[in-house]
Amino acid sequence: MLGLDWTAIIVAGITFLGVCITALLGQRKIRQQNIMLSQAKAEMDFSRKALDFAEFIQEWDHIEEDIRGILQHTSLDRFLVFRAWNGKYNPQWTSSILQMRLRGQVPINYVHFELDDDYRSRIKEIIIKNSMRFKVDDMPDCALKRVYLAEGVKSAALFHISTEEIKGLDATAVTYCSFASHEADHVSDKEMTRCNIAVGRLKGAALAFKDK
């Protein structure tokens with residue numbers, strides 16, 4: 001955004017006190033604009049990195065093969081990778097950066113999806129415990145449950161992939177993934193094991209990408 005035209009203000013005959021007050025307000029606006037610009041730049045940088053990360057994952061044939069095997073030979077039929085960010089301890093937004101679905105499903109682009117308290121608590125839990133699984137019917141009324149119901153998902157599991165601090169801002173980006181089923185109302189122990197193996201390889205790819 002353009003700054004204030006101080007010359008025009010002075011020429012207009014504003015008093016000295018008025019000029020001082022206007023200057024203080026202008027400096028505050030400039031600081032706010034600089035913060036907004038920094039946040040926007042950080043989001044664009046992370047969006048770019050997210051796309052690079054998606055491309056990087058696709059280069060790893062064995063990872064994609066593992067995930068497709070899970071989708072084809074278990075009750076799980078949908079795999080999404082997300083990145084949540086903006087907020088060091090309480091992320092505010094999430095966006096899907098990679099989707100793999102069985103044929104017949106319509107991809108839905110979740111971009112800048114606003115997180116509620118329930119979703120944030122689940123992200124915190126998988127950061128600590130690495131994963132979690134749940135039945136959609138058992139979930140409280142929340143944004144994530146409404147998404148699942150709209151898609152017809154009956155059960156799901158979330159897995160933490162990586163957490164990265166955003167340089168220059170008091171914020172972090174959390175990359176995680178979701179396996180879901182439109183048929184079964186429970187993710188079995190065997191399915192969780194297969195997912196954990198695939199996610200372990202994803203974590204290795206994420207670490208390699210970070211060091212790249």
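For the reader, a short list of remarks on this structure follows.
- Local net charge near residue 155, Cβ-Cβ under 10 Å (Lys/Arg +1, Asp/Glu -1): -2
- Entries of 145/190; 129/203; 135/203 with Cα pairs more than 19 Å apart: 145/190; 135/203
- Charge dipole magnitude, Cβ of K and R +1, D and E -1 - the range 56-204, Cα centre, debye nearest 20: 120
- Mean Cβ neighbour count within 10 Å, used as a protection proxy, ranking 68-80, 137-149 highest first: 68-80, 137-149
- Cα shape, the range 61-212, gyration tensor, a/c 1.5 rule: oblate
- Residue order, fewest to most surrounding Cβ atoms within 10 angstrom, among 129, 203: 129, 203
No value in this document is a laboratory result; all are computed from the given coordinates. Note that the structure is a prediction, hence the values are computed from the model and not measured. In this analysis, Cβ positions are derived from the backbone assuming ideal geometry, glycine residues included, and neighbour counts consider all displayed protein chains.
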